[in-house]
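The values are calculated or read from the model by the stated rules, or taken from the named source; none is laboratory data. Just so you know, these numbers come straight off a predicted model, no measurement behind them. Cβ: placed from backbone, ideal geometry, glycine included. Neighbour counts: every protein chain shown.
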Amino acid sequence: MTDAGDPVAALIAAEGLPHDYAEVVARDWQPLATLIARRAAGRTPLIVGINGAQGSGKTTLCRFLELLLKRRGLRAVTLSIDDLYLPRAERVQLAEQVHPLFATRGVPGTHSPALGMAVIEAVLAGRAFTLPRFDKAMDDRAPGGTNITGPVDVLLFEGWCVGASPQEDAALAKPVNALEAEHDADGTWRRLVNLFLREDYARLFAQVDMLVMLQVGSFADVRRNRALQEDKLRAGQPDAPGIMAPEQVERFLDHYERLTLHMAADLPARADVVIPIGPDQRPL
């Protein structure tokens, strides 16, 4: 039975995690929360970027950090870059007017960096704000959002490409997979993605004070973990139009492969904290 007096045990149960996940919290997430609290001392609000490939456990980590920071007297809220996705209608328009591959959410160019900047500016000013929400099962922005009142001490800004830097132009010449070879043969899409990353996204990521990277071993791990995520979505909303079949998940991830591989090589040297993640989605 869950100890009703233990918030960590209650969250482990709510997340459907095994009982021994308490060891991960004590060994890995507690020290990280302590480090964030020390960084925040005398410098709030603090913007903490949480980078990690799909299925690396960013959402779970942020939920535990919110709880652990609360114990330290700090109010933390989480903004996911996924919740900054453009509505489906806008992505369809982008695909029609710019490049067909922008119809699929994920890469730079399919979010609203301005929306993210507005949230961060409100946090820094101590104003009330609304956290946007994106419904992945519907593949569209959800109506409304979560209203946050009062000052926030720590904003956890999580996302698969948070903190990513643009690639060198020469690195864009060769396709990394069949999707790029067949649907972006002239490199237009990947050059535009890189341009977005160099401009609007660079300004957004520059707001991060501390960057944490959840480092997944390989892109094969990413594919496996993302498939598990889709299984959970399917279990919760089996008839939702945004749910993908296994072959659709594979094609979906092809959009992410280039930047994921680039971050694997580039980001560890720039992140403040790097936490290797094993095949079981737990820190090594």
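If the condition is being β-branched (Val, Ile, Thr) and in contact with a Phe, Trp or Tyr (Cβ under 8 Å, 6 or more places away or on another chain), then segment 136-194 contributes Ile148, Val162.
Counting the residues of segment 142-173 that are among the acidic types (Asp, Glu), assigned to a loop (DSSP other than H, G, I, E, B) and touching a residue at least 60 places away in the same chain (Cβ under 8 Å) gives 1. Summed over segment 239-284, the residues that are of a type outside the set (Lys, Arg) and more than 18 Å from Gly217 (Cβ to Cβ) give a count of 16.
Kindly provide the set of residues from segment 204-216 that are touching a Pro at 6+ places or on another chain (Cβ under 7 Å) and either more than 21 Å from Arg105 (Cα to Cα) or surrounded by fewer than 19 Cβ atoms within 10 Å (Cβ to Cβ) (or both), ordered by number. I'd like the intermediate steps shown before the answer.
First, pick out the residues of segment 204-216 that are touching a Pro at 6+ places or on another chain (Cβ under 7 Å): 204, 213, 215.
Met213, Gln215 - these are the residues of segment 204-216 that are touching a Pro at 6+ places or on another chain (Cβ under 7 Å) and either more than 21 Å from Arg105 (Cα to Cα) or surrounded by fewer than 19 Cβ atoms within 10 Å (Cβ to Cβ) (or both).
Hey, any hits in segment 193-214 for a residue that's under 30 Å from Asp280 (Cα atoms), touching a Gly at 6+ places or on another chain (Cβ under 7 Å) and in a loop (DSSP other than H, G, I, E, B)? So far as segment 193-214 goes, yes, one or more of its residues are under 30 Å from Asp280 (Cα atoms), touching a Gly at 6+ places or on another chain (Cβ under 7 Å) and in a loop (DSSP other than H, G, I, E, B).
Which residue is surrounded by the most Cβ atoms within 10 Å (Cβ to Cβ), if the candidates are limited to segment 1-60 and must be touching a helix residue (DSSP H, G or I) at 6+ places or on another chain (Cβ under 8 Å) and of a type in the set (Val, Ile, Thr)? Applying the filter and picking the extreme gives Ile50.
For (1) closer than 25 Å to Lys174 by Cβ; (2) among the hydroxyl-bearing types (Ser, Thr, Tyr); (3) at pLDDT below 85; (4) in contact with a Leu (Cβ under 7 Å, 6 or more places away or on another chain), each residue gets a yes or a no:
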{"site": "Arg203", "(1), (2), (3), (4)": "no, no, no, no"}
{"site": "Leu211", "(1), (2), (3), (4)": "no, no, no, no"}
{"site": "Ala227", "(1), (2), (3), (4)": "no, no, yes, no"}
{"site": "Gln237", "(1), (2), (3), (4)": "no, no, yes, no"}
{"site": "Ile243", "(1), (2), (3), (4)": "no, no, yes, yes"}
{"site": "Met263", "(1), (2), (3), (4)": "yes, no, no, no"}
{"site": "Leu267", "(1), (2), (3), (4)": "yes, no, no, no"}
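For segment 1-51, a tally of residues being closer than 28 Å to Ala164 by Cα and at pLDDT 95 or above returns 23. Of all the numbered requirements in (1) at pLDDT 95 or above; (2) touching a Leu at 6+ places or on another chain (Cβ under 7 Å); (3) buried (at least 17 other Cβ atoms within 10 Å of the Cβ); (4) not in a loop (DSSP other than H, G, I, E, B), Leu179 misses one, and that requirement is (2). Reported count of residues in segment 98-136, each being small (Gly, Ala, Ser), out of contact with any His (no Cβ under 8 Å at 6 or more places or on another chain) and crowded, with 19+ Cβ neighbours inside 10 Å, is 2.
Scanning segment 112-141 for residues that are free of Cβ contacts under 8 Å to residues at least 60 places away in the same chain and within 17 Å of the chain's Cα centre (by Cα) yields Ser112, Leu115, Val119, Leu131, Pro132, Arg133, Phe134, Arg141. Farther than 30 Å from Gly278 by Cβ and among the acidic types (Asp, Glu): does that describe Glu66? In short, no.
Does Val77 satisfy the condition of being buried (at least 17 other Cβ atoms within 10 Å of the Cβ), in a strand (DSSP E or B) and of a type in the set (Val, Ile, Thr)?
Spelling it out, Val77 is indeed buried (at least 17 other Cβ atoms within 10 Å of the Cβ), in a strand (DSSP E or B) and of a type in the set (Val, Ile, Thr).
Of the residues making up segment 230-245, one or more are in contact with a helix residue (DSSP H, G or I) (Cβ under 6 Å, 6 or more places away or on another chain), part of a helix (DSSP H, G or I) and either of a type outside the set (Gly, Ala, Ser) or under 18 Å from Phe157 (Cα atoms) (or both). For segment 15-35, a residue qualifies if it is among the aliphatic types (A, V, I, L, M) and assigned to a helix (DSSP H, G or I), and the qualifying residues are Ala22, Val24, Val25, Ala26, Leu32, Ala33, Leu35. Among the residues making up segment 112-141, those that are farther than 19 Å from Leu86 by Cβ, assigned to a helix (DSSP H, G or I) and hydrophobic (A, V, I, L, M, F, W, C) are Ala122, Val123, Leu124, Ala125.
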